[in-house]
Amino acid sequence: KSAFDTVDVKAPFGDLIALSYASLFVNSTAPSGGTAGAALFIDDMRRRGQSVSRAATGGLLSLIADYGGFCILLLFGLIALFRFQSLTSYEVIAALIMFAFVGSLLVALIIGLRRPLLLYKIFSVIERWINRVGGWFRHPELLPPEWGDRYAEEFIEGAQSVVQRQLKVARTVLLAFL
C-alpha cells in the first residue's frame, strides 16, 4: 500500500491484502523473481482505471524495498559466514546474482529519472519487438501505436513522484524491513 501511495495509485487496503496472498502464491509457483506477483497488482490497478505505468513504478518500488531489505540481511549473513570461515563459492555466486537483480531494478528507476530519452527509446524498442513477435502469429499490433511514448511518459512521472516523496519512500523501505 505504501509503495502505491508514493506514486499516487489509489487502492483499497483490503483488496491489496487479497492481492498480496495471490502474489505470494504466484511468486512461489512461477520462477519470475517476484515480477509475476507484481503483474497481478499492475493488472488490478489497470482494471480500476489507474495508471499502469504508475502502478508498475509502485510495484518496482515495492520490489526494490523488499529485496533491498533482504540484501542488507543477506550481507550480514555473508559477513558472519566469512568470519566463521564457512562461506562457500555457491553462496557468494547466489548473493551476487541477488545483488545484481536488485541493482537492475534500481537502474530501471534511475533511468526514468536521469535519462528519460533513453527510457523512451527502450519502450519504443519493446513496442516494436512485441508487435514484430505478434506479427509472427498474425497479430501485428499487439500494442497500439505510441504505446512506448505513453508508457515511458507515465513511468517517468512515477519515477519523479518517487523522488518528490522521499518520506513516503523511506516509510515504504522501513515497512519492508518488518
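Nothing charged except the Cβ atoms of Lys and Arg (+1) and of Asp and Glu (-1): what's the magnitude of the dipole of the chain about its Cα centre? Round to the nearest 20 debye. Could the numbers behind the result be given before it?
Details: 17 positive and 14 negative charges, 33 e Å.
Rounded to the nearest 20 debye, it is 160 debye.
Our analysis of region 47-178 gives Rg over Rh at 1.10, with the two radii drawn from alpha carbon positions and Rh computed by the Kirkwood formula.
Candidates Asn131, Ile156, Ser62 compared by Cα position along the dipole of the chain: farthest toward the positive end lies Ile156, with charges placed on Cβ. Taking a straight line from the alpha carbon of Lys10, these lysines sit under 27 Å away, with near neighbours fewer than eight places off in the same chain left out: Lys1, Lys168. The mean sequence distance of close C-alpha pairs (under 8 Å, at least 6 residues apart), as a share of the length of the chain, puts its relative contact order at 29 percent.
Within the listed set Leu60, Leu87, Leu16, the Gaussian network model of the chain (springs between alpha-carbon atoms below 10 Å) gives the highest mean-square fluctuation for Leu87. Counting Cα-Cα pairs of region 46-110 in 5 Å increments starting at 0 gives whole-percent bin shares of 4, 16, 21, 17, 13, 11, 7, 5, 3, 2, 1. What residue among Gly103, Gly58, Gly112 shows peak mean-square fluctuation when the chain is described by a Gaussian network model with Cα springs under 10 Å? The residue with the greatest mean-square fluctuation here is Gly103. Assuming charge only on the beta carbon of Lys and Arg (+1) and of Asp and Glu (-1), the dipole of region 110-178 about its Cα centre is about 280 debye to the nearest 20. Start at zero, step by 5 Å, and the Cα-Cα distances of region 1-99 spread as 3, 13, 19, 20, 14, 11, 9, 7, 4, 2, 0 percent across the bins.
Coordinate-derived values only; no laboratory data. All of these numbers come straight from a predicted model, not from anything done at the bench. Backbone-built Cβ (ideal geometry, glycine too); neighbour counts: all protein chains shown.
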